[in-house]
Amino acid sequence: MTLAVQVPEELSARVPAEQRGPGLDRDAVRLLVSRGTAVSHHGFDELPRQLRAGDLLVVNTSPTLAAAMDGWIGHARVVVHFSTRGDDGRWAVELRDPDGTGTTRARAGASGTAVRLPGGAGLVLEEPLSVCATRLWWARVTGRVLSLLRGHGRPIRYSYTERDQPLSVYQTVFALPSRDGTGSAEMPSAARPFTARLVAELVSRGVQFAPVRLHTGVASAEAHEPPYPERFAVPEASARLINAVRAGDGRVVAVGTTAVRAVESAAGPDGAVRAAEGWTDLVVTPERGVRVVDGLLTGLHEPEASHLLMLEAVAGRAAVGRGYEEALRERYLWHEFGDVHLLLPEEA
């Protein structure tokens, strides 16, 4: 789905909500609620009143990595985005030219390109990740990447944000360290507005949580390719809980497109969710549809973004189009520090 709209530059959220004024917390963003084509406007702290006892929120526990690092090709500085670690030890990486306002200009790669990294490490580009994601390359890296990121990395940011932020700004309240130290190259941002206080209120109202994990790779600010394979895991306890809610009167609401991809990857043709982990290449489209998810809490996506196909699969084209019309009319803020959109089934 491509929306016939343009998002004005001034609607990009340039700083996190808690930095926009004294006394504000992460939940000081707006919440657009779509029930079918019926739209209402709220603060995110009203989320507990938009859900009901027995509903289930599926949340992504992947932590965000400091996945951007300076490197050098000859004497020219480049920025390396570390996206995904492969089973063979290589990393999918993206090279970008720095411009002082975020690493926004993608740089063409070529097989054999060598990049020097801090601490005497380096990498060599070997082959494109896929025919659909040619800005990403599999690279052989000398040095321990996760240690390099901890010592020399910083969070990936794009030019619509005002400045670099500490890594803590990019961690969600649900983030948990993974056993092998890996995580997401970019924040699973739909969960960013949640606070511990809000989670406690949701639990007190009978809303349940099912943790899953999907390590999201590097997105692109200007090239909206289809999603490429990513690591995911759906634990046995979460699978049982999702199935129990689906068998009752509750609704399964995914927090973010990453949670949709993870749980739908673990669902069989019968809609039953089973514990699973590994790589998923699932692309959720209206033609494929969804088997498990009833609703979705997500950020606002660019008009050309492939994520919009997933929104359409969950809520339908009319609901997504109507919601985005309202978001533009009411001047909601876009991107990872922006406002959020809750898509729920139409109420009888």
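If we scan region 135-144, do we find a residue that is in contact (Cβ under 8 Å) with a residue 60 or more places away in the chain and crowded, with 18+ Cβ neighbours inside 10 Å?
yes
Scanning for something touching a residue at least 60 places away in the same chain (Cβ under 8 Å), of a type in the set (S, T, N, Q) and on the phi < 0 side of the Ramachandran plot, does region 205-214 turn up at least one residue?
Yes, region 205-214 contains at least one residue that is touching a residue at least 60 places away in the same chain (Cβ under 8 Å), of a type in the set (S, T, N, Q) and on the phi < 0 side of the Ramachandran plot.
For region 39-54, how many residues are under 26 Å from Ala17 (Cβ atoms) and among the small types (Gly, Ala, Ser)?
Final tally of qualifying residues: 2.
Does at least one position in region 154-169 carry a residue that is open to solvent by less than 40 Å² (accessible area, probe 1.4 Å), within 25 Å of Arg26 (Cβ to Cβ), in contact with a helix residue (DSSP H, G or I) (Cβ under 7 Å, 6 or more places away or on another chain) and in a loop (DSSP other than H, G, I, E, B)?
Among the residues of region 154-169, at least one is open to solvent by less than 40 Å² (accessible area, probe 1.4 Å), within 25 Å of Arg26 (Cβ to Cβ), in contact with a helix residue (DSSP H, G or I) (Cβ under 7 Å, 6 or more places away or on another chain) and in a loop (DSSP other than H, G, I, E, B), which makes the answer yes.
Right, Arg192: crowded, with 23+ Cβ neighbours inside 10 Å and under 19 Å from Leu311 (Cβ atoms) or not?
Judged against the criteria, Arg192 is a match.
Select from region 235-257 the residues that are in contact with a helix residue (DSSP H, G or I) (Cβ under 9 Å, 6 or more places away or on another chain) and over 27 Å from Glu347 (Cβ atoms) and list them in ascending order.
Ala239
Would you check if there is a residue in region 170-186 being outside any helix (DSSP H, G or I), open to solvent by 40 Å² or more (accessible area, probe 1.4 Å), in contact (Cβ under 8 Å) with a residue 12 or more places away in the chain and not aliphatic (A, V, I, L, M)?
yes
Filter region 275-296 down to the residues that are touching a residue at least 40 places away in the same chain (Cβ under 8 Å), of a type outside the set (A, V, I, L, M, F, W, C) and over 16 Å from Leu343 (Cα atoms) and list them by number.
Glu277, Gly278, Thr280, Asp281
Enumerate the strands (runs of 3 or more DSSP E) found wholly within region 17-103, keeping only those where 2 or more residues are more than 30 Å from Thr113 (Cβ to Cβ) and open to solvent by 20 Å² or more (accessible area, probe 1.4 Å).
30-35, 38-43
Within region 124-133, identify whether any single residue is assigned to a strand (DSSP E or B), modelled with pLDDT under 95, surrounded by 21 or more Cβ atoms within 10 Å (Cβ to Cβ) and within 24 Å of the chain's Cα centre (by Cα), and answer yes or no.
no
The values are calculated or read from the model by the stated rules, or taken from the named source; none is laboratory data. Quick caveat: nothing in here was measured; it's all calculated off a predicted structure. Because the Cβ atoms are built from the backbone with ideal geometry, glycine has one as well, and the counts that use them run over all protein chains shown. Side chains are part of the model used for accessible areas, which takes the heavy atoms of the whole protein and leaves out ligands, DNA and RNA. Shrake-Rupley method; radii C 1.70, N 1.55, O 1.52, S 1.80 Å.
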